[in-house]
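Following: one structure in structure tokens, then a few remarks.
The values are calculated or read from the model by the stated rules, or taken from the named source; none is laboratory data. As the structure is a prediction and not an experimental result, all values here were calculated from the model. Here Cβ is always computed from backbone atoms with ideal geometry, including for glycine, and neighbour counts include all displayed protein chains. For the accessible areas, the whole protein counts, side chains as well, though only heavy atoms, and no ligand, DNA or RNA atoms are used. Shrake-Rupley method; radii C 1.70, N 1.55, O 1.52, S 1.80 Å.
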Amino acid sequence: MANALFDAGRQGFLAGEIDWDANDIRCALVRGYTFSAAHDYVNDVTGAGGTIVASSSAFSGKSTTGGVADASDITFTSVAAGAAITSVIVYTEGSGTDATRRLIAYIDTGTGLPVTPNGANMTIVWDSGANKIFKL
């Protein structure tokens, strides 16, 4: 697979329901999930066999230029040792339940992925290239 956007995320941006600058945007470290563009919410990821290993706090330093989303790098504290993390999902926080956390992006191709956690901190350094986190 390659990095991709979820249809629900695309629709949210087009309908004005997702505002990258104003909304609480987060990401999660995931294992055991096979991407489906049709998945809408985080509970679809876990319902399809994915495991959320760790979730981030709200993104800071968010910016958009030319349809490209970017934010400050994210550090996850003391990620429990276990099987390899194969992807990262980006989502809106919604009302704080997996059934309201709208999926935006799926990232499984990048420096350091997959990665096997060992109990230490893990930092996601977003791409500094033309597409940053993702490009609409």
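A few remarks follow.
- Cβ-Cβ under 6 Å pairs, at least 6 apart or on other chains, the range 55-67 side within 13 Å of Arg101 (Cα to Cα), far side open to solvent by 70 Å² or more (accessible area, probe 1.4 Å) and among the aromatic types (Phe, Trp, Tyr): none
- Counting only residues that are more than 12 Å from Asp21 (Cα to Cα) and loosely packed, with under 15 Cβ neighbours inside 10 Å, the range 52-61 holds 1 of them.
- Here Thr64 passes the criteria (1) assigned to a strand (DSSP E or B); (2) within 22 Å of Gly12 (Cα to Cα); (3) open to solvent by less than 50 Å² (accessible area, probe 1.4 Å) except the one numbered (3).
- Cross-chain or 6+ apart pairs with Cβ under 7 Å, the range 92-106 first and part of a loop (DSSP other than H, G, I, E, B), then surrounded by fewer than 14 Cβ atoms within 10 Å (Cβ to Cβ) and β-branched (Val, Ile, Thr): none
- Ser72 vs. criteria open to solvent by less than 60 Å² (accessible area, probe 1.4 Å) and closer than 17 Å to Ala99 by Cα: no
- Restricting the range 115-136 to residues that are touching a residue at least 60 places away in the same chain (Cβ under 8 Å), surrounded by 11 or more Cβ atoms within 10 Å (Cβ to Cβ) and more than 14 Å from the chain's Cα centre (by Cα), the residue that is farthest from Gly9 (Cα to Cα): Pro117
- Any hit, the range 38-51, residues being out of contact with any helix residue (DSSP H, G or I) (no Cβ under 9 Å at 6 or more places or on another chain), assigned to a loop (DSSP other than H, G, I, E, B), open to solvent by 40 Å² or more (accessible area, probe 1.4 Å) and farther than 20 Å from Leu136 by Cβ: yes
- Failed item, numbered, when Phe35 is tested on (1) more than 20 Å from Gly119 (Cα to Cα); (2) modelled with pLDDT of 95 or more; (3) open to solvent by 50 Å² or more (accessible area, probe 1.4 Å): (3)
- The range 3-23, subset assigned to a loop (DSSP other than H, G, I, E, B) and of a type in the set (S, T, N, Q), residue least open to solvent (accessible area, probe 1.4 Å): Asn23
- Among the residues of the range 75-91, those identified as among the hydrophobic types (A, V, I, L, M, F, W, C) and either without any contact (Cβ under 8 Å) to a residue 12 or more places away in the chain or surrounded by 16 or more Cβ atoms within 10 Å (Cβ to Cβ) (or both) are Phe76, Val79, Ile85, Val88, Ile89, Val90.
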